[in-house]
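To start, the structure under review is shown below, and the notes come after it.
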Amino acid sequence: ARMHARRCTTIASMEVHNSASFPSSPYVINGGPLDLHHALNTTMTLSASMEIDPHAETHHCAPEKVAILTAGGLAPCLSSAVGALITEYAIKHPTTQIICYLNGYKGLLLGDSIAVTPAIRAQAAALHYFGGSPIGNSRVKLTNVKDCVKRGLVKEGENPQQVAADQLIKDGVEVLHTIGGDDTNTAAADLAAFLMKNDYHLCVIGMPKTIDNDVFPISQSLGAWTAAEQGAIFFENVVNEATANPRMMIVHEVMGRDCGYLTAATAQKYRQRLDERLLLPQLGVTKKRFDVHAVYIPEVAVDIDTEANRLKAILDEQDNVNIFISEGAGVKDIVAKMEAEGKTVERDAFGHVKLDMINPGKYFADTFSALIGAEKVMVQKSGYFARSAAANHEDIMLIRKSAHLAVECACYRGNGVIGLDEDAGNVLRLCEFERIKGGKEFDTELPWFKEMIADIGQASATVSNAYPVASA
(Lines give C-alpha, C1' and ligand atoms only; values in the text may rest on other atoms or scores of the structure.)
Protein backbone atom coordinates (compact mmCIF):
# COMPACT_ATOMS: atom_id res chain seq x y z
CA ALA A 1 0.00 0.00 0.00
CA ARG A 2 2.88 2.32 0.84
CA MET A 3 4.49 1.71 -2.53
CA HIS A 4 1.17 2.34 -4.24
CA ALA A 5 0.84 5.64 -2.41
CA ARG A 6 4.23 6.66 -3.73
CA ARG A 7 2.91 6.24 -7.26
CA CYS A 8 5.49 4.01 -8.88
CA THR A 9 6.31 5.28 -12.34
CA THR A 10 8.01 3.71 -15.32
CA ILE A 11 9.57 6.41 -17.49
CA ALA A 12 10.86 6.14 -21.03
CA SER A 13 9.92 9.46 -22.66
CA MET A 14 7.31 12.12 -22.08
CA GLU A 15 5.24 14.20 -24.44
CA VAL A 16 4.79 17.74 -23.20
CA HIS A 17 1.56 19.60 -23.77
CA ASN A 18 1.02 23.17 -22.73
CA SER A 19 -2.16 25.16 -23.12
CA ALA A 20 -0.63 28.46 -21.96
CA SER A 21 -0.51 31.31 -24.42
CA PHE A 22 2.92 32.17 -25.78
CA PRO A 23 4.29 35.24 -27.54
CA SER A 24 4.45 34.84 -31.29
CA SER A 25 7.88 36.42 -31.70
CA PRO A 26 10.97 34.23 -31.34
CA TYR A 27 13.20 34.65 -28.31
CA VAL A 28 16.93 34.78 -28.80
CA ILE A 29 19.24 32.14 -27.42
CA ASN A 30 22.97 31.60 -27.85
CA GLY A 31 22.48 29.10 -30.65
CA GLY A 32 20.06 31.22 -32.67
CA PRO A 33 16.42 32.21 -32.50
CA LEU A 34 14.23 29.98 -30.37
CA ASP A 35 10.50 29.67 -30.78
CA LEU A 36 9.48 29.36 -27.15
CA HIS A 37 6.17 27.67 -27.94
CA HIS A 38 7.90 25.02 -30.05
CA ALA A 39 10.72 24.47 -27.55
CA LEU A 40 8.40 23.96 -24.61
CA ASN A 41 5.91 21.80 -26.48
CA THR A 42 8.44 19.46 -28.01
CA THR A 43 9.12 15.94 -26.80
CA MET A 44 11.18 15.80 -23.62
CA THR A 45 13.36 12.74 -23.42
CA LEU A 46 15.52 10.93 -20.92
CA SER A 47 18.81 10.03 -22.52
CA ALA A 48 19.60 6.35 -22.73
CA SER A 49 23.21 7.23 -21.92
CA MET A 50 22.50 9.34 -18.86
CA GLU A 51 23.93 8.31 -15.50
CA ILE A 52 21.46 6.12 -13.64
CA ASP A 53 21.89 4.71 -10.16
CA PRO A 54 22.88 1.09 -10.96
CA HIS A 55 21.13 -0.06 -7.79
CA ALA A 56 17.78 1.45 -8.78
CA GLU A 57 14.88 -0.84 -9.57
CA THR A 58 13.60 -1.45 -13.10
CA HIS A 59 10.34 0.28 -12.24
CA HIS A 60 11.22 3.57 -10.62
CA CYS A 61 9.19 5.26 -7.93
CA ALA A 62 8.91 8.76 -6.54
CA PRO A 63 11.65 9.30 -3.96
CA GLU A 64 10.66 9.26 -0.32
CA LYS A 65 12.65 12.42 0.40
CA VAL A 66 14.31 15.10 -1.73
CA ALA A 67 16.26 18.25 -0.98
CA ILE A 68 16.51 21.58 -2.79
CA LEU A 69 19.27 24.16 -2.67
CA THR A 70 20.10 27.32 -4.61
CA ALA A 71 23.64 28.60 -4.99
CA GLY A 72 25.85 31.17 -6.71
CA GLY A 73 24.79 34.68 -7.66
CA LEU A 74 21.18 35.68 -7.94
CA ALA A 75 19.14 35.33 -11.13
CA PRO A 76 15.45 35.97 -11.89
CA CYS A 77 14.51 32.31 -11.59
CA LEU A 78 15.65 31.00 -8.23
CA SER A 79 12.49 31.78 -6.29
CA SER A 80 10.32 30.63 -9.19
CA ALA A 81 12.27 27.38 -9.60
CA VAL A 82 11.99 26.54 -5.91
CA GLY A 83 8.26 27.18 -6.10
CA ALA A 84 7.89 25.12 -9.28
CA LEU A 85 9.71 22.11 -7.82
CA ILE A 86 7.70 22.17 -4.61
CA THR A 87 4.45 22.54 -6.55
CA GLU A 88 5.33 19.72 -8.95
CA TYR A 89 6.01 17.33 -6.07
CA ALA A 90 2.89 18.49 -4.22
CA ILE A 91 0.71 17.68 -7.23
CA LYS A 92 2.40 14.58 -8.62
CA HIS A 93 3.96 12.98 -5.53
CA PRO A 94 2.37 14.42 -2.38
CA THR A 95 3.95 11.80 -0.10
CA THR A 96 7.51 12.79 -1.03
CA GLN A 97 9.11 14.72 1.80
CA ILE A 98 10.98 17.90 0.85
CA ILE A 99 13.62 19.86 2.71
CA CYS A 100 15.45 23.00 1.59
CA TYR A 101 19.06 23.57 2.57
CA LEU A 102 19.55 27.19 3.59
CA ASN A 103 22.21 29.31 1.89
CA GLY A 104 23.23 26.75 -0.70
CA TYR A 105 26.08 24.32 -0.13
CA LYS A 106 26.86 26.13 3.13
CA GLY A 107 23.58 24.87 4.57
CA LEU A 108 24.26 21.38 3.27
CA LEU A 109 27.65 21.27 5.00
CA LEU A 110 26.23 22.63 8.24
CA GLY A 111 23.03 20.57 8.15
CA ASP A 112 20.97 23.74 8.16
CA SER A 113 17.63 23.05 6.46
CA ILE A 114 13.92 23.73 6.63
CA ALA A 115 11.15 21.20 6.07
CA VAL A 116 8.55 21.98 3.43
CA THR A 117 5.24 21.71 5.26
CA PRO A 118 1.78 21.20 3.75
CA ALA A 119 1.15 24.93 4.24
CA ILE A 120 4.27 25.77 2.23
CA ARG A 121 3.27 23.36 -0.53
CA ALA A 122 -0.16 24.94 -0.77
CA GLN A 123 1.28 28.43 -1.26
CA ALA A 124 4.50 27.61 -3.14
CA ALA A 125 3.20 29.16 -6.38
CA ALA A 126 3.52 32.56 -4.68
CA LEU A 127 7.28 32.27 -5.19
CA HIS A 128 6.80 32.97 -8.92
CA TYR A 129 6.07 36.59 -7.96
CA PHE A 130 9.34 37.15 -6.13
CA GLY A 131 12.99 37.53 -7.08
CA GLY A 132 16.04 36.39 -5.15
CA SER A 133 16.00 33.04 -3.39
CA PRO A 134 13.69 32.37 -0.44
CA ILE A 135 16.14 29.78 0.89
CA GLY A 136 19.31 31.85 0.41
CA ASN A 137 22.49 31.48 -1.64
CA SER A 138 26.22 31.27 -1.03
CA ARG A 139 29.38 30.75 -3.06
CA VAL A 140 30.87 27.55 -1.67
CA LYS A 141 33.04 25.16 -3.67
CA LEU A 142 33.06 21.70 -2.13
CA THR A 143 36.42 20.85 -3.70
CA ASN A 144 38.04 24.00 -2.27
CA VAL A 145 38.90 22.43 1.07
CA LYS A 146 41.01 25.35 2.29
CA ASP A 147 38.17 27.83 1.78
CA CYS A 148 35.62 25.57 3.46
CA VAL A 149 37.89 25.19 6.49
CA LYS A 150 38.60 28.92 6.61
CA ARG A 151 34.88 29.71 6.63
CA GLY A 152 34.20 27.21 9.38
CA LEU A 153 32.06 24.93 7.20
CA VAL A 154 34.19 21.84 7.85
CA LYS A 155 36.90 20.95 10.34
CA GLU A 156 40.58 20.66 9.53
CA GLY A 157 41.21 17.28 7.90
CA GLU A 158 37.62 16.80 6.73
CA ASN A 159 36.65 16.36 3.09
CA PRO A 160 33.75 18.74 2.28
CA GLN A 161 32.32 16.30 -0.27
CA GLN A 162 32.32 13.55 2.34
CA VAL A 163 30.68 15.89 4.85
CA ALA A 164 28.02 16.80 2.29
CA ALA A 165 27.39 13.14 1.41
CA ASP A 166 27.12 12.16 5.07
CA GLN A 167 24.66 14.99 5.72
CA LEU A 168 22.47 13.92 2.80
CA ILE A 169 22.44 10.37 4.14
CA LYS A 170 21.74 11.56 7.68
CA ASP A 171 18.78 13.58 6.36
CA GLY A 172 17.51 10.61 4.37
CA VAL A 173 17.73 12.45 1.06
CA GLU A 174 17.48 10.35 -2.10
CA VAL A 175 17.60 13.15 -4.67
CA LEU A 176 19.27 16.55 -4.38
CA HIS A 177 17.92 19.31 -6.66
CA THR A 178 20.45 22.09 -7.22
CA ILE A 179 19.55 25.39 -8.87
CA GLY A 180 22.53 27.42 -9.96
CA GLY A 181 24.99 28.44 -12.65
CA ASP A 182 28.04 26.72 -14.06
CA ASP A 183 29.90 26.75 -10.74
CA THR A 184 26.91 25.32 -8.89
CA ASN A 185 26.32 22.61 -11.46
CA THR A 186 29.99 21.67 -11.83
CA ALA A 187 30.04 21.40 -8.03
CA ALA A 188 26.92 19.23 -8.31
CA ALA A 189 28.66 17.12 -10.95
CA ASP A 190 31.66 16.66 -8.66
CA LEU A 191 29.35 15.68 -5.82
CA ALA A 192 27.41 13.24 -8.01
CA ALA A 193 30.68 11.63 -9.14
CA PHE A 194 31.85 11.39 -5.53
CA LEU A 195 28.58 9.79 -4.46
CA MET A 196 28.68 7.24 -7.26
CA LYS A 197 32.37 6.44 -6.71
CA ASN A 198 31.79 5.84 -3.01
CA ASP A 199 28.66 3.74 -3.53
CA TYR A 200 26.25 6.31 -2.11
CA HIS A 201 22.84 5.74 -3.69
CA LEU A 202 21.94 9.41 -4.04
CA CYS A 203 21.21 11.38 -7.18
CA VAL A 204 21.83 15.01 -8.07
CA ILE A 205 19.65 16.86 -10.59
CA GLY A 206 20.54 20.43 -11.51
CA MET A 207 18.62 23.29 -13.08
CA PRO A 208 20.74 25.89 -14.96
CA LYS A 209 20.55 29.38 -13.52
CA THR A 210 22.70 32.16 -14.92
CA ILE A 211 21.93 35.54 -16.43
CA ASP A 212 25.13 35.19 -18.47
CA ASN A 213 23.63 32.28 -20.44
CA ASP A 214 27.10 30.77 -20.69
CA VAL A 215 26.69 27.10 -19.72
CA PHE A 216 27.55 24.31 -22.17
CA PRO A 217 25.46 22.70 -23.69
CA ILE A 218 22.42 24.63 -22.46
CA SER A 219 20.83 26.85 -25.12
CA GLN A 220 18.91 29.05 -22.70
CA SER A 221 19.63 29.24 -19.00
CA LEU A 222 16.87 30.12 -16.56
CA GLY A 223 16.51 33.80 -15.76
CA ALA A 224 18.48 35.18 -18.72
CA TRP A 225 15.41 36.36 -20.64
CA THR A 226 14.12 38.24 -17.60
CA ALA A 227 17.51 39.80 -16.84
CA ALA A 228 17.72 41.22 -20.38
CA GLU A 229 14.20 42.62 -20.14
CA GLN A 230 14.84 44.16 -16.73
CA GLY A 231 18.12 45.70 -17.93
CA ALA A 232 16.19 47.30 -20.78
CA ILE A 233 13.58 48.68 -18.37
CA PHE A 234 16.38 50.02 -16.16
CA PHE A 235 17.91 51.93 -19.05
CA GLU A 236 14.57 53.36 -20.12
CA ASN A 237 14.79 55.52 -17.01
CA VAL A 238 18.53 56.15 -17.00
CA VAL A 239 18.57 57.33 -20.63
CA ASN A 240 16.53 60.38 -19.61
CA GLU A 241 19.65 61.65 -17.81
CA ALA A 242 20.87 62.59 -21.29
CA THR A 243 18.69 65.68 -20.96
CA ALA A 244 20.32 66.75 -17.68
CA ASN A 245 23.52 68.08 -19.21
CA PRO A 246 24.91 69.07 -22.63
CA ARG A 247 27.25 66.60 -24.35
CA MET A 248 26.31 63.75 -22.05
CA MET A 249 27.90 60.31 -22.27
CA ILE A 250 25.96 57.51 -20.54
CA VAL A 251 27.63 54.14 -20.02
CA HIS A 252 25.25 51.31 -19.15
CA GLU A 253 27.33 48.58 -17.53
CA VAL A 254 25.61 45.19 -17.78
CA MET A 255 26.55 42.02 -15.89
CA GLY A 256 28.51 39.35 -17.72
CA ARG A 257 31.90 38.09 -16.54
CA ASP A 258 33.27 36.49 -19.72
CA CYS A 259 30.19 36.27 -21.91
CA GLY A 260 28.58 39.16 -23.76
CA TYR A 261 25.17 37.52 -24.12
CA LEU A 262 23.36 39.61 -21.50
CA THR A 263 24.76 42.91 -22.76
CA ALA A 264 23.82 42.09 -26.34
CA ALA A 265 20.37 40.74 -25.38
CA THR A 266 19.68 43.74 -23.14
CA ALA A 267 20.58 46.15 -25.93
CA GLN A 268 18.38 44.25 -28.36
CA LYS A 269 15.45 44.16 -25.91
CA TYR A 270 15.82 47.87 -25.17
CA ARG A 271 15.78 48.71 -28.88
CA GLN A 272 12.72 46.51 -29.41
CA ARG A 273 10.90 48.35 -26.64
CA LEU A 274 12.05 51.71 -28.02
CA ASP A 275 10.53 50.82 -31.39
CA GLU A 276 7.16 50.43 -29.65
CA ARG A 277 7.25 53.80 -27.87
CA LEU A 278 5.52 56.97 -28.97
CA LEU A 279 8.14 59.62 -29.80
CA LEU A 280 8.02 63.38 -30.44
CA PRO A 281 10.81 64.30 -32.88
CA GLN A 282 9.69 67.94 -33.03
CA LEU A 283 10.88 68.39 -29.45
CA GLY A 284 13.98 66.23 -29.68
CA VAL A 285 12.42 62.97 -28.50
CA THR A 286 13.87 60.97 -31.37
CA LYS A 287 14.79 57.33 -31.76
CA LYS A 288 18.37 58.22 -32.62
CA ARG A 289 18.85 60.21 -29.44
CA PHE A 290 17.38 57.51 -27.20
CA ASP A 291 18.92 54.62 -29.12
CA VAL A 292 21.90 52.44 -28.19
CA HIS A 293 24.96 53.88 -29.94
CA ALA A 294 27.51 51.19 -29.08
CA VAL A 295 27.61 47.65 -27.65
CA TYR A 296 30.93 46.47 -26.24
CA ILE A 297 31.35 42.86 -25.10
CA PRO A 298 34.33 40.64 -24.19
CA GLU A 299 34.14 38.62 -27.43
CA VAL A 300 34.59 41.60 -29.74
CA ALA A 301 37.65 43.84 -29.90
CA VAL A 302 37.11 47.58 -30.17
CA ASP A 303 39.05 49.88 -32.47
CA ILE A 304 39.23 52.79 -30.04
CA ASP A 305 40.22 55.46 -32.54
CA THR A 306 37.59 54.50 -35.12
CA GLU A 307 34.88 54.22 -32.49
CA ALA A 308 35.88 57.50 -30.86
CA ASN A 309 35.49 59.31 -34.18
CA ARG A 310 32.11 57.70 -34.78
CA LEU A 311 30.80 58.45 -31.30
CA LYS A 312 32.07 62.03 -31.44
CA ALA A 313 30.03 62.59 -34.59
CA ILE A 314 26.92 61.23 -32.82
CA LEU A 315 27.63 63.41 -29.79
CA ASP A 316 28.02 66.49 -31.99
CA GLU A 317 24.70 65.74 -33.69
CA GLN A 318 22.56 64.38 -30.85
CA ASP A 319 24.22 66.00 -27.81
CA ASN A 320 24.43 62.59 -26.09
CA VAL A 321 25.90 59.11 -26.52
CA ASN A 322 24.56 55.88 -25.02
CA ILE A 323 26.96 52.94 -24.61
CA PHE A 324 26.16 49.41 -23.41
CA ILE A 325 29.20 47.57 -22.06
CA SER A 326 29.63 44.17 -20.44
CA GLU A 327 31.16 44.27 -16.95
CA GLY A 328 33.64 41.65 -18.16
CA ALA A 329 34.85 43.72 -21.09
CA GLY A 330 38.49 44.61 -20.52
CA VAL A 331 38.67 43.02 -17.06
CA LYS A 332 41.85 41.09 -17.88
CA ASP A 333 43.57 44.30 -18.94
CA ILE A 334 42.29 46.15 -15.88
CA VAL A 335 43.37 43.40 -13.48
CA ALA A 336 46.82 43.23 -15.09
CA LYS A 337 47.19 46.99 -14.64
CA MET A 338 46.06 46.88 -11.00
CA GLU A 339 48.41 44.01 -10.15
CA ALA A 340 51.28 45.78 -11.93
CA GLU A 341 50.61 48.72 -9.61
CA GLY A 342 50.90 46.39 -6.62
CA LYS A 343 47.16 46.39 -5.84
CA THR A 344 45.43 43.27 -4.48
CA VAL A 345 42.61 41.92 -6.65
CA GLU A 346 40.06 39.99 -4.59
CA ARG A 347 38.75 36.65 -5.86
CA ASP A 348 35.97 34.33 -4.71
CA ALA A 349 36.14 30.65 -3.74
CA PHE A 350 36.02 29.66 -7.41
CA GLY A 351 38.97 31.92 -8.30
CA HIS A 352 36.83 34.49 -10.10
CA VAL A 353 37.77 38.14 -9.80
CA LYS A 354 35.19 39.94 -7.65
CA LEU A 355 33.79 42.21 -10.32
CA ASP A 356 32.20 44.58 -7.82
CA MET A 357 35.77 45.50 -6.86
CA ILE A 358 36.60 46.32 -10.50
CA ASN A 359 35.02 49.13 -12.48
CA PRO A 360 35.27 48.38 -16.21
CA GLY A 361 32.61 50.95 -17.02
CA LYS A 362 34.62 53.74 -15.41
CA TYR A 363 37.86 52.67 -17.06
CA PHE A 364 36.12 52.55 -20.40
CA ALA A 365 34.35 55.87 -19.83
CA ASP A 366 37.64 57.53 -18.87
CA THR A 367 39.25 56.23 -22.04
CA PHE A 368 36.49 57.48 -24.35
CA SER A 369 35.25 60.69 -22.73
CA ALA A 370 38.35 62.72 -23.44
CA LEU A 371 38.53 61.45 -27.01
CA ILE A 372 34.97 62.46 -27.89
CA GLY A 373 34.76 65.66 -25.86
CA ALA A 374 32.00 64.65 -23.46
CA GLU A 375 31.23 67.28 -20.82
CA LYS A 376 29.68 64.85 -18.38
CA VAL A 377 30.00 61.10 -18.05
CA MET A 378 27.59 58.85 -16.18
CA VAL A 379 28.21 55.12 -15.51
CA GLN A 380 25.12 53.21 -14.40
CA LYS A 381 25.04 49.52 -13.52
CA SER A 382 21.84 47.53 -14.02
CA GLY A 383 23.19 44.24 -12.67
CA TYR A 384 21.62 44.04 -9.24
CA PHE A 385 18.38 45.56 -10.49
CA ALA A 386 18.12 42.96 -13.26
CA ARG A 387 19.30 39.85 -11.46
CA SER A 388 17.06 40.34 -8.41
CA ALA A 389 13.82 40.61 -10.40
CA ALA A 390 11.01 38.08 -10.37
CA ALA A 391 10.95 35.81 -13.44
CA ASN A 392 8.91 37.03 -16.39
CA HIS A 393 6.27 34.98 -18.20
CA GLU A 394 8.66 33.40 -20.68
CA ASP A 395 11.10 32.31 -17.99
CA ILE A 396 8.31 30.97 -15.78
CA MET A 397 7.10 28.77 -18.62
CA LEU A 398 10.60 27.36 -19.11
CA ILE A 399 11.06 26.95 -15.34
CA ARG A 400 7.77 25.06 -14.98
CA LYS A 401 8.65 22.65 -17.78
CA SER A 402 12.16 22.19 -16.36
CA ALA A 403 10.73 21.43 -12.92
CA HIS A 404 8.29 18.95 -14.46
CA LEU A 405 11.12 17.05 -16.12
CA ALA A 406 13.36 17.33 -13.04
CA VAL A 407 10.74 15.58 -10.91
CA GLU A 408 10.24 12.88 -13.55
CA CYS A 409 14.01 12.35 -13.67
CA ALA A 410 14.07 12.14 -9.87
CA CYS A 411 11.69 9.20 -10.13
CA TYR A 412 14.07 7.62 -12.62
CA ARG A 413 17.05 8.37 -10.29
CA GLY A 414 18.94 10.22 -12.99
CA ASN A 415 21.98 12.46 -12.59
CA GLY A 416 22.48 15.54 -14.72
CA VAL A 417 21.24 19.04 -15.51
CA ILE A 418 17.81 19.81 -16.97
CA GLY A 419 18.12 22.11 -19.96
CA LEU A 420 17.48 22.85 -23.62
CA ASP A 421 20.27 20.80 -25.16
CA GLU A 422 21.80 22.73 -28.06
CA ASP A 423 23.44 19.53 -29.32
CA ALA A 424 20.07 17.78 -29.51
CA GLY A 425 17.95 20.30 -31.37
CA ASN A 426 17.12 22.34 -28.24
CA VAL A 427 15.10 19.48 -26.75
CA LEU A 428 14.48 19.89 -23.03
CA ARG A 429 16.28 16.92 -21.49
CA LEU A 430 18.53 15.70 -18.70
CA CYS A 431 21.98 16.70 -19.91
CA GLU A 432 24.85 14.53 -18.71
CA PHE A 433 27.03 16.08 -16.00
CA GLU A 434 30.25 15.39 -17.86
CA ARG A 435 29.07 17.72 -20.64
CA ILE A 436 28.32 20.63 -18.29
CA LYS A 437 30.86 23.42 -18.13
CA GLY A 438 30.92 27.19 -17.98
CA GLY A 439 32.76 29.75 -20.05
CA LYS A 440 30.64 29.51 -23.20
CA GLU A 441 31.23 32.59 -25.31
CA PHE A 442 28.45 34.54 -26.92
CA ASP A 443 28.12 33.75 -30.62
CA THR A 444 28.76 37.08 -32.33
CA GLU A 445 27.89 35.57 -35.71
CA LEU A 446 24.21 35.31 -34.83
CA PRO A 447 22.17 37.17 -37.47
CA TRP A 448 20.22 39.28 -34.95
CA PHE A 449 23.45 40.50 -33.31
CA LYS A 450 25.18 41.30 -36.60
CA GLU A 451 22.07 43.11 -37.78
CA MET A 452 21.91 45.18 -34.58
CA ILE A 453 25.59 46.16 -34.76
CA ALA A 454 25.22 47.13 -38.41
CA ASP A 455 22.09 49.14 -37.67
CA ILE A 456 23.88 50.97 -34.87
CA GLY A 457 26.73 51.70 -37.26
CA GLN A 458 29.41 50.22 -35.04
CA ALA A 459 32.63 49.38 -36.84
CA SER A 460 34.02 45.86 -36.94
CA ALA A 461 37.25 45.78 -34.97
CA THR A 462 40.52 44.83 -36.59
CA VAL A 463 42.65 45.10 -33.45
CA SER A 464 43.40 42.64 -30.65
CA ASN A 465 44.00 45.26 -27.93
CA ALA A 466 40.31 45.76 -27.28
CA TYR A 467 40.33 47.73 -24.07
CA PRO A 468 43.52 49.78 -23.58
CA VAL A 469 43.28 50.99 -19.98
CA ALA A 470 46.90 51.87 -19.30
CA SER A 471 46.24 55.56 -19.78
CA ALA A 472 42.89 55.55 -17.96
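The values are calculated or read from the model by the stated rules, or taken from the named source; none is laboratory data. Just so we're clear, the structure is a prediction, and the values are computed from it rather than from any experiment. As a convention, Cβ positions derive from the backbone with ideal geometry for all residues, glycine included, and neighbour counts pool all protein chains shown. Note: accessible area is taken over every heavy atom of the protein model, side chains too, but ligands, DNA and RNA are not part of it. Shrake-Rupley method; radii C 1.70, N 1.55, O 1.52, S 1.80 Å.
Below are the figures for this structure:
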quantity: Unit charges on C-beta of K, R, D, E only; dipole of segment 225-388, Debye; calculated: 280
quantity: Centre separation in Å (Cα based) which lies between segment 180-194 and segment 269-319; calculated: 41
quantity: Efficiency of FRET from Cβ geometry, Asp366 and Ala193, R₀ 35 Å, rounded to 0.05; calculated: 0.15
quantity: Three-way shape label, segment 225-388, alpha-carbon gyration tensor, a/c 1.5; calculated: oblate
quantity: Antiparallel bridge percentage (DSSP; both residues within segment 225-388; nearest 5); calculated: 10
quantity: Sulfur and carbon atoms: percent of accessible area, segment 225-388 [1.4 Å]; calculated: 49
quantity: Calculated FRET value between Lys150 and Glu434, using beta carbons and R₀ = 35 Å, to 0.05; calculated: 0.75
quantity: Gyration tensor (alpha-carbon) shape descriptor, segment 70-124, a/c threshold 1.5; calculated: oblate
quantity: Residue-normalised accessible area of segment 86-157, expressed per residue, 1.4 Å probe, Å²; calculated: 52
quantity: For segment 85-178, average projected area of the Cα convex hull in nm²; calculated: 6.3
quantity: Per residue solvent-accessible surface (Å²) - segment 247-328, probe of 1.4 Å; calculated: 36
